[in-house]
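What follows is calculated from the coordinates using simple rules that are stated; it is not laboratory data. Everything quoted here is computed from the prediction, not taken from an experiment. Reconstructed Cβ throughout: ideal geometry from the backbone, glycine too, with neighbour counts over all protein chains shown.
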Amino acid sequence: MDKRFYSLFNLGEDQAIALLDTPQDQISEDDSRYIAASQLVNFSTERSIHALIRAVQQTDPAMENRIVRRKSVETLGRLQAVQALPVIYTCLSDEDCYTVENAVWAIGEIGTQDPTILEAVAQLLDKPGQTYRVIIHTLAKLGYQPALDRIRRFTTSTDLPTASAAITTICRFTRDYSQMGQVVGMLQHSNVLARRLSIQDLIDAQYYDAIPEIARCPVSLVFRLRGIRMLAEAGIAAGTIVFATLQPYLEQTLRDHPNDLGMVHSYDQPPALPFLVRELYETDFGRCYLATKTILDHYAEAAPAMLFATYAEEANNDYGAHFHVIKLFGWLKHAPAYDLLIEALHNRQPQFQKSRAAAAIALGELGDRRAIPALQACLDTKIWDLKYAALMVLEQFGDLSSYEKVTPDDDWSVREKAATKLNVKR
């Protein structure tokens, strides 16, 4: 579990427990029981787990307390606290649908084969106003076959993510892949959440045939890379995928050029450059990629100055826009951006991690051989995508010696790329 962002509030275990145990009406304006419940994910101890259980058992109906209960249930799930299952089970009948949703999710994270708990989760499919996707996903994860017919009803749901989860679960339970094309089709849905969730469903179904379409899906490459790698790992283990088949899609995704994506948005006519630059800050990366493509097609000469300006004003501190600006400098082959790209390559702040591989790709586009030592240094990192991107670019520069260094790498994809290039049998 990635906990890099969980400790931003600097609460120790004792402080968080004391705060969580404080009655809601005695909390000062400067404190938050919600943050305390969030922070306890960092402390997998009996004391923390029991404090979270006590918080769940505080049933004061005030909104502030309801929010704390939801978060406490979620944190218990993240901690995979088996001893909390009885109290989480009671939350399945809660009047607050968000508490129910978190309880279902937490049960899936903790895991159980208790038929009483699983049937209680399945019965929520008949209860109006629930988050059915989470319920279906949990039942699938825990393999509760008695829910099959109830889940089947949702394959035609008007809520497409719910329908996608239902189709995927039917596939997992019956090995009938006939409807999975509908899930693949959601990779080109106009709603960004639907696109992201369809990738998760394709992973769950181990639907390897979707890898080329995942590579073209206009969401953050983090989601695409996760989908491709998880499917690849399962497929390679099962003997149904070989690295040579996977490699073009993995590297296409790491390069991340907008021309390699299927756009789900469009413009009637090219907007003005300032509008397009603002689009780089959108949370829907489908809009960011469309803006990037339009900048490359229509504003290649005017764009660099405005990109430098937006970087200085805001993008240097906005990790989404930062990523797109870095990539654009590469696609524009804008040599004066060299120092900025080197800085991004070495940026160790966790939220800017994906910009490091983007900077490597962009440096390759600039073609400035001064970058070679910095790229070689990236091979010592633990970040697989940065290593892989650095290898791709070093190969562009004609440096094949670096492959010898990573043949025993911890990451399977880096090892496989090196073995392929060096013709090493594995």
Degrees, to the nearest 10: 303-313 long Cα axis against longest axis of the chain: 50 degrees
Any idea what the dipole of segment 273-422 comes to, in debye rounded to 20, about its Cα centre with Lys/Arg Cβ at +1 and Asp/Glu Cβ at -1? 220 debye
Quick one: dipole size for segment 1-111, taken about the Cα centre, charges +1 on Lys/Arg Cβ and -1 on Asp/Glu Cβ, in debye to the nearest 20. 360 debye
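How much of the calculated P(r) for segment 1-111 lies past 23 Å, in percent of all Cα pairs? Write down the numbers at each step before the final one.
Values: 1207 of 6105 pairs.
That fraction is 20 percent.
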Eligible lysines near K354 by straight Cα distance, threshold 17 Å, same-chain separation 8 or greater: K3, K327, K382, K387
Which whole-angstrom value gives the distance between the alpha carbon centres of segment 206-278 and segment 349-426? 19 Å
Angle, helix 132-141 long axis vs. longest principal axis of the chain, Cα atoms, 0 to 90°, nearest 10? 90 degrees
Looking at I170, Y207, M186, which one has the Cα that reaches farthest to the positive end of the dipole of segment 144-211 (charges on Cβ: Lys, Arg +1; Asp, Glu -1)? I170
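Using helices alone, what [θ] at 222 nm do you get for the chain, with -39,500 (n - 2.57) per DSSP H run of 4 or more residues, divided over all residues and rounded to the nearest 500?
On the way: 25 runs with 259 residues, N = 426.
After summing the helix terms and dividing by the residues of the chain, the value is -18000 deg cm²/dmol.
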Give me D for segment 273-422 in µm² s⁻¹, whole number, from Stokes-Einstein with Rh from the Kirkwood sum over alpha-carbon pairs, 20 °C and 1.002 mPa s. 136 µm²/s
Placing +1 on the Cβ of each Lys and Arg and -1 on the Cβ of each Asp and Glu in segment 273-422, which of W384, T283, L363 has its Cα farthest towards the positive end of the resulting dipole? W384
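About the Cα centre of the chain, how large is the charge dipole given +1 on each Lys and Arg Cβ and -1 on each Asp and Glu Cβ? Please answer in debye to the nearest 20. Before the final figure, lay out each step's value.
Working: 43 positive and 53 negative charges, 240 e Å.
The calculated dipole for the chain is roughly 1160 debye.
Find, to one decimal place in angstroms, the Kirkwood hydrodynamic radius of the chain, where the mean of 1/r is taken over every pair of different Cα atoms and then inverted. Walk me through the numbers on the way to the answer.
Values: mean 1/r = 0.0418 Å⁻¹.
Its Kirkwood hydrodynamic radius stands at 23.9 Å.
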In whole angstrom, how far apart do the alpha carbon centroids of segment 319-343 and segment 119-178 sit? 44 Å
